[in-house]
Amino acid sequence: MEHPRYNGSLYNEFILLGFPGFEGSERLLSAPLLLVYLTTLIANFAIVLVIAPDPSMHHPMYLLICCLSVVDIIVSSAVVPKMLLSFLFDLKAVSLAGCLAQMFLVHFWSSAESTLLLAMAVDRFVAICNPLRYAAIVTGTALLKLALFALVRSGLTVATLVILASPLPFCRTNLIAHCYCEHMALVRLACADTSLNSTLGLVFAFTIIGFDSVCVLLSYWRIVTTVLKISSAESRSKLFHTCCTHLLVILFCYLAALFSFLTYRVGQVPMGIRVLLSVMYLILPPMANPIIYGMRTREIRERLLKRFGGRGIKPQVQEVASVTS
């Protein structure tokens, strides 16, 4: 599909088409999108305001939840405001520099979120399967090394994709069939060989998302086998409920992300479904994470009620290994 004014020149401004097939319903879509975004901001800011200022909450698991909330705010804010402006005010244009910047932010922080989910799974694994060594294994130094690893890994991989995409000659069209500047959605518009871009994007997806998801599954498998040995039926039920909830959210996030990457290499998937799932894995987990990981954790829930609900609850912080819903 060529832009009506296409004359063979290179494009440095692009038009985000939104959801293919829903062009006439974008204003209606903006209402639930705004509700999801506001819920995401309120829930995640509440988690941060409860954990960050309270030294008694500065245990590894709580700090990981706090970091996840910060990342979720950034990921949502990198995508949703531009979508709302596009749907409500028809502000669909974006410069090449702006598109590359959004691409970097979305993929960088999504990759960092993947690392955090892996860290939280490992934290639960150590707390449940090796509680006596928890304090020695999960330390402030270990968390700092993890943060540096996440930043370096995400930075190198995503910067490579952006650097390879930036010099491409975009002359096919300036219409991006997406709601935001997704890597392959932009690269496919180039009138040059993009096989390296496509291959590296797929390699990085499996290197980060594939590796993290396998490690998460292994961690939860060990957790399940350990929980089965617990004699108390109530304890088993409680831990299973918590772990299954965590695992469902993680699997949705990873599977939707992998699907988004793979469908650009397979032409059989309708564009509307491709875009919808790509957007869902960016906006739904940030809304669900503070509920699943934060508000279902007793100590955080009690502090939320005390801080924002005006209830005179005196929360007692227990060992991190006992954090369950």
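Before moving on, here are some points about what is shown:
- Take 292-301, 176-185, 158-167 and order them by the average number of nearby Cβ atoms within 10 Å per residue, most first; the result is 176-185, 292-301, 158-167.
- Order of 259, 89 under a 10 Å beta carbon neighbour criterion, fewest first: 89, 259
- Whole-number percent relative contact order across the chain, with pairs defined as alpha carbons under 8 Å at least 6 apart: 28 percent
- Among 82, 306, sorting on how many other beta-carbon atoms sit within 10 Å of each Cβ, with the fewest leading, yields 306, 82.
- Extended-chain gain in nm, criterion 0.36 nm per residue less alpha-carbon gap, residue 240 and residue 132: 36.8 nm
- Over the chain: helical MRE at 222 nm, DSSP H runs n ≥ 4 each giving -39500 (n - 2.57), nearest 500: -22500 deg cm²/dmol
- Whole-number percent relative contact order across region 16-117, with pairs defined as alpha carbons under 8 Å at least 6 apart: 35 percent
- Cβ crowding within 10 Å ranks 65, 15, 51 as 15, 51, 65, fewest other Cβ atoms first.
- The number of Lys pairs in the chain with C-alpha atoms less than 27 Å apart, excluding pairs fewer than 8 positions apart on the same chain, is 5.
Read-outs: derived from the displayed coordinates by stated rules, not from any lab. Model, not experiment: these values are computed from the prediction. Here the Cβ is made from the backbone with ideal geometry for all residues, glycine too, and neighbour counts use every protein chain on show.
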